[in-house]
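Comments concern the structure below.
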Amino acid sequence: MNVFDYLSWRGDVPLSISPFNPVDSLVLAELSYTDFSGVLSPDGEPVSLASACAAFFATRDRAEVAARKSYTARAPLLMDFMLAGARFRDVRLCRYRTVNDYAEATQFAALTLLLPDGTAFVAFRGTDGTVLGWKEDMEMSYHSHSKGQVCAAEYLTGVGQALSCPLRVGGHSKGGNLAVYSAAFCDPAVQTRITDVYTLDGPGFHDDVRAEAGYRAVMDRTHAVIPDTSIIGLLLAIDCPHRVVRSDASGIVQHDGFTWQVGPTDFEPAPLSRMGEFMENTISTWVSRQDGETLRSMVDSIFSVLETPGEDSFLAMRRQKRKTAELIMAGIRALPREKQLELLQAAGKLVASGGTGLRETFLPGAEAEHKPEE
């Protein structure tokens, strides 16, 4: 059962009867992927969910949205399911803000939802399922106090000063990192009113951030959730336990929160997969020990190869596994010699550490493609 099923089954149970739970955080974090430009404003009055939904679909076709392959592109459909039940029907939306600074490689979006239980949920948008979006997540391995993170802290401070209610903060992917950072570095008076912080398969933090008093102050209120084969969520460390959940997808596609399996009030637990254990025990530690310039060079090298197939998402790459593998190899051969060596050294570390599931993680089922041509 995914979040759409959850809303169909449990959407009629109001928050007054069954209080806010971790699955609700995923619903609202995923909703923040909706582009509310032209529907909501940064400083306007709160808008009912029904009005926001009607305005959004007044210029878009529901069937076309439903047919999109990208998981983030389907996020607007959540509004229909939320409106069908009492749990979220009376939600109001406000303070929608987006920042797109391509010169500084900063993409930021946030949304505040006023809930029927008298609380507010501040949702930070993550990256999408494109290769570029994943690169943005990976770039956090060598960035501390990025412009997007600073924007997030300023945004949460502004929301907290404008509202007097208890606050929850959350996000998926990069949005989870922004949620934790904003809670750690917002105005101290606002921080005291935060009840929960949710990072849903979001990257962790460098040691300099983790040493800050504000960061340590919110760890007891922070919930870190990852799928059993997590890559982004185990990038760098976070000082609270990870909750591992089951996904009905495999490999890299588990990053899609719509594949996570849920029950009536919580996620379905699962053990870490072999690749998840490898990421947790080896890659995250190794990344934390590298200097920023080394990581920057490595990320640029890896993604210069991944971008060679000409596809804009990992899902598209999986659909043509053999072609993708051939193009990736061609991309590696086209790199300067020193960059080829960097990738080979990284691959060597994977093999030496027992990371034999790497190909299955990125291109699950690839071995089935190695059949003779008919």
Sorted by chain and then number, the residues having a modelled amide H within less than 5 Å of the amide H of ARG246, at least 5 places away or on another chain, are GLN261, GLU268, ALA270
Pairwise label distance in nanometres, THR265 with GLU338, each label 7 Å out on the Cα-Cβ vector | 5.8
Given 4 °C, 1.567 mPa s and a Kirkwood radius over Cα pairs, the Stokes-Einstein diffusion coefficient of region 176-273 in µm²/s is 93
Would you mind getting me the FRET efficiency between ASP207 and ARG68? Use the beta-carbon distance for r and R0 = 45 Å, nearest 0.05.
-> 0.70
Each residue of region 116-123 in turn: what ³J(HN,Hα) in whole Hz from Karplus with 6.51, -1.76, 1.60 and θ = phi - 60°, glycine and Pro shown as x?
-> x, 8, x, 10, 10, 10, 9, 10
Once amide H atoms are built 1.01 Å from N in the peptide plane, which residues 5 or more positions from ASP187, or in another chain, come under 5 Å H to H?
-> THR157
Taking the convex hull of Cα positions in region 1-122, its mean projected area over all directions (nm²) = 8.2
Return the sequence-ordered ³J(HN,Hα) values of region 163-175 in whole Hz as given by the Karplus equation 6.51 cos²θ - 1.76 cosθ + 1.60 applied to θ = phi - 60°, using x for Gly and Pro.
-> 10, 10, 8, x, 10, 10, 10, x, x, 10, 6, 3, x
Inter-label distance, nm, simple model (7 Å from Cα along the C-beta direction), ASP80/THR195 = 3.1
At most 13 other Cβ atoms within 10 Å and a DSSP loop assignment: could you name the trypsin sites (Lys or Arg not before Pro) in region 1-65 that fit?
-> ARG60
For LEU236, enumerate residues with amide H under 5 Å from its amide H, sequence gap 5+ or separate chain, H modeled in the peptide plane.
-> GLY204
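Every number in this text was worked out from the coordinates using simple rules, so none of it is lab data. Please read these numbers as outputs of a predicted model, since none were measured by experiment. Cβ coordinates were reconstructed from backbone atoms using ideal geometry, including for glycine residues, and neighbour counts include every protein chain displayed.
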